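Only one structure is covered here, and it is reproduced in the block below.
The values are calculated or read from the model by the stated rules, or taken from the named source; none is laboratory data. Fair warning: this is a prediction, and the values are worked out from it, not measured in the lab. Quick reminder, even Gly has a Cβ in these numbers, built from the backbone with ideal geometry, and neighbours come from all protein chains shown.
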Amino acid sequence: MGRIFTPTENDFGKTDAVIIGGGIVGTSTAFWLSRAGLDVVLVEMRDGLSTLTTPASVECFRAQFTEPAMAALAIPSIEMFEHFDEVIGLPGYSISIKQQGYLFLTDNPQTVEDLKENVDQQHRLGVTDSEFLERDEILARFPFLSPSVLAATFRQRDGWLSCHETTQGFAKGCDARFFINTKAAGILTDAKGVCGVETNRGVLPTRTVVNAAGPFAAEVGRMVNLDLPLETVRRQKVYIKTSVKIPQDAPFTVDVNNNSYWRPEPGGVLVAWVDSDEPVSQPSENVHTDWEFPAVTLDKVRRLAPFFKEVERTVRQPDMTTSAGFYVYTPDDQPLIGSVPEVPGFFVNCGYWAGVMLSPEAGKRIADLVTGKMDSKDNPLRPTRYKEGLGKKGKTLMSH
């Protein structure tokens with residue numbers, strides 16, 4: 001079982017691999033490297049795992065992607081979530097998984113064909129259980145929606161889970177050591193490449209470092225003079241406590257015309273929207289929220305879910321909790337996973353707006369690349385893809 005603790009100077013011996021960043025992506029990476037037989041240390045600057053960007057997410061997962069590389073991560077990741085206790089070897093361990101589906105809606109005739117094409121592409125990529133729905137079918141299944149809807153895509157096995165429990169499960173199910181309150185201050189290199197990680201508590205000699213630092217991944221890249229193509233963008237969400245009857249069996253519901261979304265949550269509902277005009281900003285541990293964000297979001301979600309008018313009418317300020325974290329974007333909106341040729345021994349597992357949902361398979365892929373089980377040229381998300389002219393944006397709706 002992994003140990004999560006604040007290290008003393010006696011804990012700083014030579015180790016096979018060091019992971020920087022203790023969110024869900026870094027912890028999954030530690031799990032798979034440890035399972036591959038390596039002696040692994042993860043360093044996390046905060047006082048617990050999964051306490052910064054991971055819990056700021058809406059904790060969702062889906063396989064409805066149109067990019068081959070994203071679907072290839074999402075499909076096995078969801079299978080691992082579905083059998084998580086078996087994956088980590090702790091029978092009965094629960095991550096509170098809810099597979100109520102993901103529903104992408106439109107009331108715009110010009111978007112209908114796009115949704116249909118997305119489902120065709122998903123089927124080609126092996127996501128054979130996604131469905132294209134027309135108005136009557138949508139209203140029959142989801143009667144709480146507006147009659148103005150025209151089309152939707154839906155997949156029942158998509159849903160959400162507890163990020164905290166998933167992260168802790170990865171940590172408990174392996175033999176890695178997790179150093180909390182331990183900040184990476186520098187990466188040491190010699191003629192052979194990476195040779196250690198310097199922290200505020202001591203130096204960890206190692207030949208393998210994985211940068212899974214989430215919004216701080218660009219900063220970690222600069223420690224080895226790399227300018228990683230990453231942009232951090234603030235994303236907000238609101239939990240609304242309400243006595244209005246929210247359909248508790250509703251899917252994660254997305255209005256693709258205004259990028260708003262919502263899902264039921266015990267005692268109320270989670271709402272958010274992706275503001276495409278939100279500027280790139282500097283990552284920070286304290287992410288501010290906008291006072292008007294709840295009102296703007298409610299106005300957007302009620303368009304296709306009329307019951308929100310009643311929520312809007314009855315809600316009071318103390319019933320709304322707004323929180324924020326960061327998405328990290330790359331030029332093609334797909335993560336950076338793999339080795340960096342300029343710095344032997346330096347690997348990246350970063351650049352996520354979909355870190356929660358892709359974390360299980362992404363961590364496993366890093367382990368396969370580190371151990372040589374997978375060749376870099378077979379990994380389409382390798383960081384060199386842009387230089388190779390392979391980084392192209394897909395048509396996945398809503399990078400959220």
Output for segment 290-312, where each listed residue is aromatic (Phe, Trp, Tyr), in contact (Cβ under 8 Å) with a residue 40 or more places away in the chain and not in a helix (DSSP H, G or I): PHE307
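Just to be sure, is LEU42 touching a Lys or Arg at 6+ places or on another chain (Cβ under 7 Å), crowded, with 19+ Cβ neighbours inside 10 Å and closer than 30 Å to THR199 by Cα? Lay out the reasoning, then the answer.
Numbers: touching a Lys or Arg at 6+ places or on another chain (Cβ under 7 Å): no; crowded, with 19+ Cβ neighbours inside 10 Å: yes; closer than 30 Å to THR199 by Cα: yes.
Answer is no for this residue.
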Pair list, Cβ under 7 Å, 6 or more apart: segment 106-130 residue assigned by TED's automatic domain parsing to the domain that holds PHE142, other residue of a type in the set (Asp, Glu) and modelled with pLDDT of 95 or more: VAL119/GLU131
Positions within segment 63-77 being surrounded by fewer than 23 Cβ atoms within 10 Å (Cβ to Cβ) and not acidic (Asp, Glu), in sequence order: THR66, PRO68, ALA69, ALA71, ALA72, ILE75, PRO76
Number of positions in segment 278-304 that are in contact with an Asp or Glu (Cβ under 8 Å, 6 or more places away or on another chain), more than 30 Å from LYS387 (Cα to Cα) and buried (at least 18 other Cβ atoms within 10 Å of the Cβ): 5
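Any chance you could count how many residues in segment 201-219 are of a type in the set (A, V, I, L, M, F, W, C) and either in a strand (DSSP E or B) or more than 25 Å from the chain's Cα centre (by Cα) (or both)?
First, the residues of segment 201-219 that are of a type in the set (A, V, I, L, M, F, W, C): 203-204, 209-210, 212-213, 216-218.
Within this subset, residues satisfying the condition of being either in a strand (DSSP E or B) or more than 25 Å from the chain's Cα centre (by Cα) (or both) are 203-204, 209-210.
Here the count works out to 4.
In segment 220-289, which strands (runs of 3 or more DSSP E) lie fully inside it and hold 1 or more residues that are touching a residue at least 24 places away in the same chain (Cβ under 8 Å) and acidic (Asp, Glu)?
On the way: elements: 231-241, 252-255, 260-265, 268-273.
Passing ranges, in order: 231-241, 252-255, 260-265.
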Identity of the residue in segment 374-389, free of Cβ contacts under 8 Å to residues at least 40 places away in the same chain and not in a helix (DSSP H, G or I), that ends up nearest to PRO55 (Cα to Cα): MET374
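Quick grid of which residues meet (1) more than 21 Å from the chain's Cα centre (by Cα); (2) small (Gly, Ala, Ser); (3) more than 30 Å from PHE84 (Cα to Cα):
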residue: LEU304; (1), (2), (3): yes, no, yes
residue: PHE308; (1), (2), (3): yes, no, yes
residue: THR314; (1), (2), (3): yes, no, yes
residue: GLY338; (1), (2), (3): no, yes, no
residue: TYR352; (1), (2), (3): no, no, no
residue: ALA367; (1), (2), (3): no, yes, no
residue: GLY372; (1), (2), (3): yes, yes, no
residue: ARG382; (1), (2), (3): no, no, no
Unmet criterion (only one of (1) among the hydrophobic types (A, V, I, L, M, F, W, C); (2) under 24 Å from VAL220 (Cβ atoms); (3) outside any helix (DSSP H, G or I)) for LEU369: (3)
Strands (runs of 3 or more DSSP E) wholly inside segment 1-107 that include at least 2 residues being within 25 Å of TYR329 (Cα to Cα) and not aromatic (Phe, Trp, Tyr): 17-20, 40-43, 102-106
Test: residue in segment 346-353 that is more than 22 Å from VAL18 (Cβ to Cβ), outside the structural domain of SER276 (by TED's automatic domain parsing) and not charged (D, E, K, R): yes
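The rows are residues; the columns are (1) part of a loop (DSSP other than H, G, I, E, B); (2) buried (at least 22 other Cβ atoms within 10 Å of the Cβ); (3) among the polar types (S, T, N, Q); (4) touching a strand residue (DSSP E or B) at 6+ places or on another chain (Cβ under 8 Å).
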residue	(1), (2), (3), (4)
ASP129	yes, no, no, yes
PHE132	no, no, no, yes
ALA140	no, no, no, no
LEU145	yes, yes, no, yes
SER148	yes, no, yes, no
THR153	no, yes, yes, yes
ARG157	yes, no, no, no
HIS164	no, no, no, no
PHE170	no, yes, no, no
